[in-house]
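First comes the structure, then the notes that go with it.
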Ligand SMILES: Cc1cc2nc3c(=O)[nH]c(=O)nc-3n(C[C@H](O)[C@H](O)[C@H](O)COP(=O)(O)O)c2cc1C
Ligand code: SF4
Ligand code: SF4
Ligand code: SF4
Ligand code: FES
């Protein structure tokens, strides 16, 4: 069990969500309200441990009186607001956004993407075979993780996790503009020449699999990655006194990757290079 | 912060360029070549100090780019050390702006406008001719490289070209704001020896590229005002008749009476006048200026900032350029009044990077206003401290969006922020900020000089005062026109000399909409254009006759938005690409052959309008949609 620290009591805001009067603590987003009401709104760039950039726009909802749709992940519930999550207009935007994403990037390792594409009747193929794609080759410049930007939806999560929201290392940023924008190190240098400290916190937050452990990347390429067959065991990192929680993903009795529980109030899913990648000694069998 | 720099070292020139902006490095920690004993005992800087100087990033990138022509790894490294900025972030910023290059390029860069007004007046042929003479766009030859460019804001003299040349400033001319330029003489731009060619011919462009110093002088700002000298003019009254470099001329034609009146009224009184005058913003969004000021003034958090939006990159817009070049003191006086009203001590002019002459004129005007106590710690001896700084943009239309300006000034990528919170609450540096367009600000002068009632007597009930229109394209007398609100499109075109066989008028710019020649009765007011399903936008009136191939113009509009999207949100980043692709597919098709792609564009367009973060994505589809619906382009 993880301890959840108590917050000071907050006032409640009352507003209308899909026709029902809803009360949420002040400061809650529309998405928070939807989730506590059991509504499933698709999200990609939203992350439980980061301030969302609201860049992907798959979570848009209709707020009465507003000229445009609002991102549920970032717009805070205001008293008296009337919000509809399932209008034709909102569904249309989600559908087209999914089409735009799926036609330009590889969503094959994005959890739930296929499900949403089906749910919203999205047809990414209708922009034609010549529709411009991101077209990036996987970058393999170190032994620990692979950057496959063909799968990147530019959610900014890795940038925020590496930068001021968690790691404070600032090894990567968005470079270029528009359709040519990419996540990049300075002058596109290899990660090993950059400020990267290989904490892997960017992999932890990446919603698409654009950033992945080399183990996972290689096993996927070899066709041996079998997620349903994996077990997950959360334990305590044994390296230093901080005592971070690590979750070991094990397939065929081998650790294949390490994540960290996001609801841990101390680490929020962050680890350092040792906890994240230093597991080989555990499975060195002579 | 874990900052890590590479070993790449700056050249002496790059170092000098940065040091001329930031001064010599105070210690080895900030990039001095030698570490002293003291440096080894003291670490200065750190995250807090760094945040203080991050806003010098854009000026520092300019310093190097202006001097060397591009930003090398060593130069970027040195800038990062000096400002304690992570190199990856600085690289992200440098690659955001079109005027910067992170790969080597020649010292002379020639920008040839291929945007709407220039396309309508022969930029296609000009580019073809240039390609014959200088080689294909983008390939360096003879120490120069030419490239196609979005609107340069010289639409009245289309087709236009701008030559920027890098290099050390000539001896004795270190400071741009130094010697006052004479009234309408060509001035050496901040990019050194820049030449402005408009209208441009291929031979003239080639000659100017070889010998920029011999390029012909640019016509004075007043040449853009066909009505110059007309006693009915309010905002344009000085342009073309008064020396823009002379503060005395400015004062002798009524300059600084509005500021005196402002001091007599007090800040709340100024806001009341502006509210009563019914002034509405001229930057495109048509927001009531008085309400914006009031909301900023009321914020408890401080300091408050004033930002003048002089980014003017909307294709077809050039009014702010003419105001700044022809009457720079008017902008400075009105900013002083606005700053006083909202309680700001610091104002920024965010000026688009491609306006060297406006930069020159404003720098000079600021320096002389400071000398005469009209800016500084005690403006006019009234105990009000106010000063203005110019920030040069670097080629990004999106930086005209109000929150993108903040990011740009702060040294971040010029990406818009999501609203709420609104700028009046959390703007520049997270503080309450009022952002106003140049033309909006200049309107404050007649309001205070003659009073709100007199001002509101001109125009209609909800559109008060006069409006500047940027008329370009196939008219006999392109330029800036000033008309009282209420005049209609026909009246305006009568002044400019309409073409015989008019095909369409683009109203409000690339983010506006097309209207037909049988719709010239549309009143040019905020409410009138809205009722007609279009917009005044930034005052663009681009007139096209039937020699223009509309599908190509639409393609150019789509290309513009695709190029200028910041890339932050999916509907705009990918949607603009899909729209351009669809327009390409149907460029020579009509009827059933185009129907499927038109339907596709409508679906994408609706999503861009509904779900984009900022106005760029939200309006990118407007003009094309209006061409389909009102002009029946692909029928
Ligand atoms: C993409 C984009 C570009 C813009 N460019 C400009 C500009 O160049 N100049 C300007 O004054 N306003 C521009 N605006 C509008 C500003 O965001 C803002 O509304 C305006 O500066 C407010 O000033 P006003 O109230 O005086 O009109 C732009 C808006 C968008 C969305
Ligand atoms: S690499 Fe992953 S986390 Fe980073 S922007 Fe792309 S999709 Fe988001
Ligand atoms: S992950 Fe790193 S910081 Fe956390 S306990 Fe392990 S070694 Fe220590
Ligand atoms: S709408 Fe376009 S320009 Fe605006 S934030 Fe989104 S991507 Fe950037
Ligand atoms: S999840 Fe809300 S915009 Fe991406």
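The values are calculated or read from the model by the stated rules, or taken from the named source; none is laboratory data. Just so we're clear, the structure is a prediction, and the values are computed from it rather than from any experiment. Reconstructed Cβ throughout: ideal geometry from the backbone, glycine too, with neighbour counts over all protein chains shown.
Some observations on this one:
- The residues listed here are B:133, B:121; of these, the one that is more than 14 Å from every other protein chain (Cβ to nearest Cβ), surrounded by fewer than 18 Cβ atoms within 10 Å (Cβ to Cβ) and more than 19 Å from residue B:70 (Cβ to Cβ) is B:133.
- Considering the range A:243-252, and only residues there that are without any contact (Cβ under 8 Å) to a residue 24 or more places away in the chain and over 16 Å from residue A:204 (Cβ atoms), the residue that is surrounded by the most Cβ atoms within 10 Å (Cβ to Cβ) turns out to be A:250.
- Residue B:597 more than 9 Å from chain A (Cβ to nearest Cβ) and either surrounded by 24 or more Cβ atoms within 10 Å (Cβ to Cβ) or not in a helix (DSSP H, G or I) (or both): no
- Test: residue in the range B:60-73 that is outside any helix (DSSP H, G or I), at negative phi and within 26 Å of the chain's Cα centre (by Cα): yes
- Pairs linking a residue in the range B:607-627 that is under 20 Å from residue A:91 (Cα atoms) to a residue that is modelled with pLDDT under 95 and surrounded by fewer than 23 Cβ atoms within 10 Å (Cβ to Cβ), with Cβ atoms under 7 Å and 6 or more positions apart or on different chains, are B:613/B:418.
- Index of the failed condition, residue B:70 passing every other in (1) buried (at least 20 other Cβ atoms within 10 Å of the Cβ); (2) within 14 Å of chain A (Cβ to nearest Cβ): (1)
- Listed by first and then second residue, the pairs with beta-carbon distance under 8 Å, at least 6 apart or on different chains, first residue in the range B:251-273 and surrounded by fewer than 18 Cβ atoms within 10 Å (Cβ to Cβ), second outside any helix (DSSP H, G or I), are B:253/B:237; B:253/B:238; B:253/B:242.
Every residue, every condition in (1) more than 7 Å from chain B (Cβ to nearest Cβ); (2) in a loop (DSSP other than H, G, I, E, B), yes or no:
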| position | (1), (2) |
| --- | --- |
| A:150 | yes, no |
| A:155 | yes, yes |
| A:159 | yes, no |
| A:166 | yes, yes |
| A:169 | no, yes |
| A:174 | no, no |
| A:179 | no, no |
| A:183 | yes, no |
| A:187 | no, no |
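- Taken residue by residue, the range A:45-63 has no member that is over 27 Å from residue A:163 (Cα atoms), more than 16 Å from ligand 3 (Cβ to nearest atom) and in a loop (DSSP other than H, G, I, E, B).
- Scanning the range B:393-418 for residues that are in contact with a helix residue (DSSP H, G or I) (Cβ under 7 Å, 6 or more places away or on another chain) and within 16 Å of ligand 5 (Cβ to nearest atom) yields a total of 3.
- Residue within the range A:133-149 that is within 16 Å of ligand 5 (Cβ to nearest atom), without any contact (Cβ under 8 Å) to a residue 60 or more places away in the chain and surrounded by fewer than 18 Cβ atoms within 10 Å (Cβ to Cβ) present: no
- When the range B:532-559 is filtered for residues that are within 14 Å of chain A (Cβ to nearest Cβ) and either surrounded by fewer than 24 Cβ atoms within 10 Å (Cβ to Cβ) or within 12 Å of ligand 4 (Cβ to nearest atom) (or both), the ones remaining, listed by number, are B:535, B:559.
- Any chance residue A:194 is more than 11 Å from chain B (Cβ to nearest Cβ) and closer than 27 Å to residue A:215 by Cα: no
- Residue ID - nearest to ligand 3 (Cβ to nearest atom), chosen from residues in the range A:162-181 that are surrounded by 20 or more Cβ atoms within 10 Å (Cβ to Cβ) and closer than 14 Å to residue B:91 by Cα: A:171
- Scanning the range A:220-236 for residues that are assigned to a loop (DSSP other than H, G, I, E, B) and surrounded by 11 or more Cβ atoms within 10 Å (Cβ to Cβ) yields A:224, A:225, A:226, A:230.
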